[in-house]
Amino acid sequence: MYNKYKILLIFFLIFFATNHADTLTDAEIEALIDRMSVEEKVGQLLIFGVGGRDVGPVAKAHITKRFVGGVVLYARNIKDPTQVAALTVGLQQVAQETPNAIPLFIAIDQEGGIVTRLDKGATVLPGNLALGATRSKMLAEKAGELTAIELAAVGVNLNLAPVMDINTNPRNPVIGVRSYGESHDLVSQLGTAYIRGLQRNGVLATAKHFPGHGDTNVDSHKKLPVVTHNKKRINTIELAPFNAAIKTGVAAIMSAHVLYPALDAEMPATLSYPILTRLLRQMLGYNGLIITDDLEMKAIDDQYETGEAAVLAIQAGADMILVPWTLKKQQRVYNALRQAVRRRDITETRLNDSVRRILKSKNDCGAFEKPIIPIENPNAINSPLAVVGSLKHREIAQTIATQAITLVKNTKGILPLSAEPQEPVLLISSSRLFSNTFLKAHTDLTHIDSVSMPAQVNAKELLPLLLMSKPSIIVAGIVNAQQADLIHQLSQKTEVPIVVISLKSPYLLGKCPDVACAIAAYDGNYHSIAAAVEVLLGKKHALGKLPVTIP
């Protein structure tokens, strides 16, 4: 298996190692559009998901029979950087066999934090809310830069990030830590910095989810959210980060499956002509790609047949349709769009407008560039894969994590904790990584008792067991509301000081207000946990500032 990856990777280097020549002129793009069949043009509107870690028959059919413009990668497609590189070159090689040899967008959701598809062997960055806590445009730009470098190295050219939603609703179940914060200025500043870092290094950015998914208490994966703000509020708050992204030159904007009655009383944004064309294209002057969010999400799928939704989205002003999961729905979308063009429900002029934007965007990220001399040894120090997960990149990730740690509450005299405790310490967490990191940081474990806390907590059963050990201090790492509630109940039944660390949303800390100390780490990855432990033991100061208000 390794030899197969190695051989394919050599082809990858032949195909993608490029100089700065050989991009297409505008005249060449127009000539290419003239040569394309209607089927090829319709295919360019599609970003489909495929199964498996190799190029299988379904992927080949999507590329050679439906002429898809892009393939999106998820965890099911990813093992490690070498395998992903082999997969992406295999996909691009199939695209070269089509009549006009149009290269693919290879897309991925590499937001950082809880939405990280390429993880094993790569650099796992803290998420956007952690960046928000740093208040650093420099670090946000660095995050975009290193993300682009690692994605480009494995053949990804379109990142479905950053999230430009403003998380003004603490009950938001789907954005939360994926946002830079509750301030439109902070989201605008850090989001545009990330976009610059990403696109300057050859990977296109996607600002999402237009016109904003931050002030919802419904997950659009499950149900259609409704935002009831008036136009003045929407223009001032929700649209501000997207305006900033447009001025920065963001390559793509992803639509939200959210109903905005003040903008369109009937259609969610993804299917709304007033939102995608009148507002985004005409009023905001956006000329880049508009990509839909996943049309298989329940906010759309419960109300519309997938093919019908795809036609409505293109008519509304979208350029590319994202359908990641179901083969039958993917086939329906392709057929529905082709039939809509034949019926003139989508005119060829309208079709060409989207195809032109798609081809220009592919040209902008170097997808049409020609190869130079092959690199014979993909494991060599000068291999593109050498940068993926490199020490330099891991150090940047650690810097972000360290500067993000936020001391939300601190009863004087509790912190820092001793690395050689002389009194009993009770450590509670469902995160084995947190527990192990905390324990390894101590030179003497004699007085530390570690208890694993289930993700789904039965407080009545667990509380008596926790109180039996009679510790002098309790340290708890929490990741969900049930665990926060357990810590709150514990704080009501004991006078023992409790130090709680949120390894996910800082809003969890508001559910246990009576603890002695509260720390927001924002993420449960290695870098954030290591930084939190260093703050607990006084090896580092907590420099972060809360980017959201905890009720």
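Checking each residue in the stretch 89-110 for being β-branched (Val, Ile, Thr) and closer than 18 Å to Leu158 by Cβ picks out Val89, Val94, Ile102, Ile106, Ile108.
Evaluate the following for Asp26: is it modelled with pLDDT under 95, of a type in the set (Asp, Glu) and over 18 Å from Leu151 (Cα atoms)? Criteria not met by Asp26. Could you tell me how many of the residues in the stretch 180-194 are in a helix (DSSP H, G or I) and either open to solvent by 10 Å² or more (accessible area, probe 1.4 Å) or of a type outside the set (A, V, I, L, M, F, W, C) (or both)? Count: 8. For the stretch 52-76, filtering for residues that are β-branched (Val, Ile, Thr), surrounded by fewer than 17 Cβ atoms within 10 Å (Cβ to Cβ) and either touching a His at 6+ places or on another chain (Cβ under 6 Å) or on the phi > 0 side of the Ramachandran plot (or both) leaves 0.
If only residues of the stretch 116-129 that are open to solvent by 20 Å² or more (accessible area, probe 1.4 Å) and among the β-branched types (Val, Ile, Thr) are counted, the one that is nearest to Ala367 (Cα to Cα) is Thr116.
The strands (runs of 3 or more DSSP E) falling completely within the stretch 387-484 that include 1 or more residues that are among the hydroxyl-bearing types (Ser, Thr, Tyr) and over 30 Å from Glu150 (Cβ atoms) map to 448-452. Does the stretch 290-309 contain at least one residue that is open to solvent by 20 Å² or more (accessible area, probe 1.4 Å), in a helix (DSSP H, G or I), touching a residue at least 24 places away in the same chain (Cβ under 8 Å) and closer than 21 Å to Ala245 by Cα? No, that holds for no residue.
Within the stretch 260-289, being over 29 Å from Gly144 (Cα atoms), touching a helix residue (DSSP H, G or I) at 6+ places or on another chain (Cβ under 9 Å) and surrounded by fewer than 24 Cβ atoms within 10 Å (Cβ to Cβ) holds for Ala262, Leu263, Asp264, Met267, Tyr273, Pro274. Among residues of the stretch 508-551 being closer than 21 Å to Ala455 by Cα and assigned to a loop (DSSP other than H, G, I, E, B), the one that is most open to solvent (accessible area, probe 1.4 Å) is Pro513. Of all residues in the stretch 317-330, which are in contact (Cβ under 8 Å) with a residue 12 or more places away in the chain and surrounded by fewer than 23 Cβ atoms within 10 Å (Cβ to Cβ)? Across the stretch 317-330, the qualifying residues are Pro324, Trp325, Thr326, Leu327, Lys329.
Just name the residue that is surrounded by the most Cβ atoms within 10 Å (Cβ to Cβ) out of those in the stretch 212-228 that are over 19 Å from the mean Cα position of the chain (by Cα), farther than 18 Å from Glu182 by Cα and not β-branched (Val, Ile, Thr). Step by step, filter the stretch 212-228, then rank; the result is Pro225. Annotation: of all residues in the stretch 22-38 being open to solvent by less than 50 Å² (accessible area, probe 1.4 Å) and in a helix (DSSP H, G or I), the one that is farthest from Leu91 (Cα to Cα) is Ala31.
Please go through the stretch 240-254 and give me each residue that is polar (S, T, N, Q) and in contact with a Lys or Arg (Cβ under 8 Å, 6 or more places away or on another chain), ordered by number. Selection gives Thr248 alone. Taken over the stretch 425-438, residues that are open to solvent by 40 Å² or more (accessible area, probe 1.4 Å) and not polar (S, T, N, Q) amount to 2. In the stretch 142-159, the count of residues that are in contact with an Asp or Glu (Cβ under 7 Å, 6 or more places away or on another chain) and modelled with pLDDT of 95 or more is zero.
For the stretch 91-115, a tally of residues being aliphatic (A, V, I, L, M) and either farther than 27 Å from Ser528 by Cα or without any contact (Cβ under 8 Å) to a residue 40 or more places away in the chain (or both) returns 7. Examine the stretch 195-207 for a residue that is β-branched (Val, Ile, Thr), touching a helix residue (DSSP H, G or I) at 6+ places or on another chain (Cβ under 8 Å) and in a loop (DSSP other than H, G, I, E, B), and state whether such a residue exists. Among the residues of the stretch 195-207, at least one is β-branched (Val, Ile, Thr), touching a helix residue (DSSP H, G or I) at 6+ places or on another chain (Cβ under 8 Å) and in a loop (DSSP other than H, G, I, E, B), which makes the answer yes. Pick from the stretch 199-211 the residues that are open to solvent by 10 Å² or more (accessible area, probe 1.4 Å) and over 14 Å from the mean Cα position of the chain (by Cα): which of them is nearest to Glu111 (Cα to Cα)? Going through the qualifying residues, I end up with Gln199.
The condition (being polar (S, T, N, Q) and open to solvent by less than 10 Å² (accessible area, probe 1.4 Å)) is satisfied by just one residue among Gln110, Gln92, Gln96: Gln92. So is Ile381 at pLDDT below 90, exposed (fewer than 14 other Cβ atoms within 10 Å of the Cβ), out of contact with any Cys (no Cβ under 8 Å at 6 or more places or on another chain) and within 30 Å of Asn100 (Cβ to Cβ) or not? Here the answer is no, as Ile381 does not meet what is asked. Among the conditions (1) on the phi > 0 side of the Ramachandran plot; (2) of a type in the set (Gly, Ala, Ser); (3) in a helix (DSSP H, G or I), Gly285 misses just one, which is (3).
Scoring Lys412 on the criteria (1) open to solvent by 60 Å² or more (accessible area, probe 1.4 Å); (2) within 26 Å of Gly544 (Cα to Cα); (3) within 36 Å of the chain's Cα centre (by Cα) leaves a single failure, condition (3).
Here is a yes/no grid of residues against (1) modelled with pLDDT under 95; (2) within 28 Å of the chain's Cα centre (by Cα); (3) within 17 Å of Ala518 (Cβ to Cβ); (4) open to solvent by 20 Å² or more (accessible area, probe 1.4 Å):
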| position | (1), (2), (3), (4) |
| --- | --- |
| Ala441 | no, no, no, yes |
| Leu445 | yes, no, no, yes |
| Pro454 | yes, yes, no, yes |
| Lys460 | yes, no, no, yes |
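The values are calculated or read from the model by the stated rules, or taken from the named source; none is laboratory data. All values derive from a computational prediction rather than experimental measurement. As a convention, Cβ positions derive from the backbone with ideal geometry for all residues, glycine included, and neighbour counts pool all protein chains shown. Surface accessibility is based on the protein's heavy atoms, side chains included, excluding ligands, DNA and RNA. Shrake-Rupley method; radii C 1.70, N 1.55, O 1.52, S 1.80 Å.
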